[in-house]
1. Which of the following residues is at pLDDT 90 or above and surrounded by 13 or more Cβ atoms within 10 Å (Cβ to Cβ): LEU107, LEU46?
2. Run down ASN55, ASN82 and say which single residue is assigned by TED's automatic domain parsing to the domain that holds ASN114 and closer than 24 Å to VAL248 by Cβ.
3. Take the residues in the stretch 230-252 that are in contact (Cβ under 8 Å) with a residue 12 or more places away in the chain and in a strand (DSSP E or B); name whichever of them is surrounded by the fewest Cβ atoms within 10 Å (Cβ to Cβ).
4. Any idea which of (1) in a loop (DSSP other than H, G, I, E, B); (2) modelled with pLDDT of 90 or more; (3) surrounded by fewer than 19 Cβ atoms within 10 Å (Cβ to Cβ); (4) among the hydrophobic types (A, V, I, L, M, F, W, C) is the one LEU280 doesn't satisfy?
5. Does the stretch 77-96 contain any residue that is free of Cβ contacts under 8 Å to residues at least 40 places away in the same chain, over 18 Å from LYS7 (Cα atoms), of a type outside the set (Asp, Glu) and in contact with a Phe, Trp or Tyr (Cβ under 6 Å, 6 or more places away or on another chain)?
6. Taking the stretch 219-229 only, how many residues are part of a strand (DSSP E or B) and of a type in the set (A, V, I, L, M, F, W, C)?
7. Can you spot a residue in the stretch 254-264 that is modelled with pLDDT of 90 or more, within 22 Å of the chain's Cα centre (by Cα) and not β-branched (Val, Ile, Thr)?
8. Name the one entry in THR156, THR144, THR124 that is of a type outside the set (D, E, K, R), out of contact with any Cys (no Cβ under 7 Å at 6 or more places or on another chain) and at pLDDT 90 or above.
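The values are calculated or read from the model by the stated rules, or taken from the named source; none is laboratory data. Predicted, not measured: the structure shown is a model, and the values here were computed from it. Because the Cβ atoms are built from the backbone with ideal geometry, glycine has one as well, and the counts that use them run over all protein chains shown.
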Amino acid sequence: MSLSIIKNPPKFQPVYSDGLFFTVSADTTNTYKFRYVYDVYVNGDLVFQGKSTPNPYDLGVVDLSRVIKTYTTNNPISLWNNTPIYTHQTFPFSRPYENEVINYNVLFGYEYSNTANGEITGFTGNDSGVIVGSPGVDTGIYKTFYSTMGVNGRATQQDFDMSPFVLSGSPVGTYPTTSGLFLTNSPRIRDIQTTEYYTLAFTNYYLDSGSMLSQPYYVEYNFYDDEGVLLDTAQYQNITINGGGPLVDCSAVYQSYYNTVGTGTTEWNTLYVGAGPMNLQSIMPAGTAQYTVQLFGNFTGETSPPAPTPTPTPTPSATPGCGTCYTYDIENPSQVSTAIVYYTECAIGPVRVISIPPQTVARIDCACDGSLIYEAALIITVVSSCTSVSPTPTPTPTPSATPCVCEAYTVDNNSLEAQAFVDYTDCNGTAQHLVLDPFTGLSFCACLGTIATTGDTTTYDSGLCNPAPTPNPTPTPSATPPYCECVEYQVDNESPVFQNFTYTDCYGVIQSVNLAGFQTAYVCACRDSVSGTVYVSEIGTC
């Protein structure tokens with residue numbers, strides 16, 4: 001017999017609401033000790049296993065809110081672009097320091113015995129036949145966040161409606177509007193002291209797999225004197241340099257980021273906008289007696305996806321390297337996600353990639369100024385400046401033809417639990433290694449036929465990359481990379497506290513990593529160069 005999910009919560013709703021209810025149904029006739037069983041996953045990790053006895057209608061009713069709420073947070077620290085700030089000091093925008101929004105999904109199955117005193121057997125529930133196994137009926141990905149909107153203490157049914165808080169289309173009504181609302185039940189008009197900070201939260205970007213899109217493009221402040229005369233108007237775009245995102249410039253629209261910032265991403269789903277006199281003191285004109293704060297949608301630019309460029313490769317030149325360079329310490333504060341950072345190495349010139357495990361600090365020695373590319377919420381510290389050292393000049397060869405057929409690819413990690421790995425040759429002939437966190441994807445350009453993946457992945461070929469890469473010169477062999485015999489190592493910290501280890505990467509650069517307690521890191525390093533109070537295991541050739 002198969003199992004059906006006949007009722008589910010909205011794809012996006014607060015955890016403190018009218019419950020996160022799933023209702024499931026199966027044929028319980030001629031069975032004993034029948035119970036529905038379920039596994040709960042948060043951000044791809046199994047966090048809870050439970051059982052539900054059928055009600056008088058043979059239905060299983062499961063409220064996950066008490067489980068899920070322990071994995072949501074509301075931190076008073078936010079990120080303005082990538083700089084930590086106190087949330088109450090937001091201006092104009094900021095995003096949560098740690099993801100307030102989390103992904104969760106549930107696998108349902110059932111168990112029963114054929115006799116009153118027989119042993120209980122578990123079944124997947126996902127086929128018309130009876131298949132023994134763990135729960136297998138997947139709800140798909142849902143999102144929730146730490147908030148307490150719309151609670152009805154006398155409610156007997158799940159009836160939370162998220163649509164008024166999705167900022168899309170024209171608001172319904174004049175005053176008060178009944179859609180396009182901030183995430184608050186605060187009065188629309190309120191008195192406030194000139195010494196007060198105040199912030200408003202709102203929904204942003206894709207709130208589900210693609211159909212629920214919140215599009216607040218800019219905030220507008222209007223300042224009036226005590227007679228209602230408009231003194232000034234100020235507008236700020238919801239882009240990364242203003243503390244918002246994920247848009248990085250004013251010419252793009254949300255739909256253009258569908259293939260580059262996945263809909264499973266949660267760091268952009270709730271943002272803050274400054275709304276108090278102290279937040280606005282730098283723009284508030286003298287004589288202001290009242291003001292308004294309003295978000296607007298501004299449909300400009302192109303809706304077609306931009307050319308995917310997770311690993312931009314500079315045009316080869318006769319003099320590799322760059323001008324101003326810095327050494328960086330990069331902290332990944334996430335408790336669950338590995339961060340991927342691309343950067344241009346100062347001494348050599350090509351783009352490099354480094355993966356930073358959760359709650360780990362990694363050091364990049366001497367990267368070109370402004371070359372760091374990343375999407376996670378990271379803490380970047382400039383350690384010192386450094387000098388670009390150009391390698392020994394080699395004769396300038398005659399340019400050859402384009403090294404390969406350059407195709408645009410997207411690779412999705414379909415697993416909800418495990419990382420996946422992608423190796424390929426980019427369109428300038430450089431080998432690349434990517435790490436995909438559970439249920440994420442990346443788009444990039446690669447030579448046709450060079451992609452190799454490890455894990456449960458799906459690869460999509462979108463055709464020729466545009467523009468094609470600049471043809472690579474064929475250099476005379478010199479002492480440039482590969483620097484050494486390059487080996488992949490697993491590094492385990494089996495203590496409860498941070499441990500530092502160092503290694504020489506495959507381009508001869510010494511790297512330093514602070515590894516959190518009971519965590520594991522994977523690095524490509526020169527043979528026998530990993531050192532520190534950690535356990536090191538060789539996996540194989542990088």
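1. Values: LEU46 fails: surrounded by 13 or more Cβ atoms within 10 Å (Cβ to Cβ).
Among LEU107, LEU46, only LEU107 is at pLDDT 90 or above and surrounded by 13 or more Cβ atoms within 10 Å (Cβ to Cβ).
2. On the way: ASN55 fails: closer than 24 Å to VAL248 by Cβ.
Just a single option satisfies the conditions, and that option is ASN82.
3. Residue satisfying both the conditions and the ranking: THR233.
4. Evaluating LEU280 over (1) in a loop (DSSP other than H, G, I, E, B); (2) modelled with pLDDT of 90 or more; (3) surrounded by fewer than 19 Cβ atoms within 10 Å (Cβ to Cβ); (4) among the hydrophobic types (A, V, I, L, M, F, W, C) leaves (3) as the failure.
5. Yes: the stretch 77-96 contains one or more residues that are free of Cβ contacts under 8 Å to residues at least 40 places away in the same chain, over 18 Å from LYS7 (Cα atoms), of a type outside the set (Asp, Glu) and in contact with a Phe, Trp or Tyr (Cβ under 6 Å, 6 or more places away or on another chain).
6. First pass over the stretch 219-229, keeping only residues part of a strand (DSSP E or B): 219-224.
Filter once more, keeping what is of a type in the set (A, V, I, L, M, F, W, C): 219, 223.
Going through the stretch 219-229 one residue at a time, the tally reaches 2.
7. Of the stretch 254-264, the ones modelled with pLDDT of 90 or more are none.
Within the stretch 254-264 (the criterion being modelled with pLDDT of 90 or more, within 22 Å of the chain's Cα centre (by Cα) and not β-branched (Val, Ile, Thr)), the answer is no, since none of the residues qualifies.
8. Residue meeting the stated conditions: THR144.
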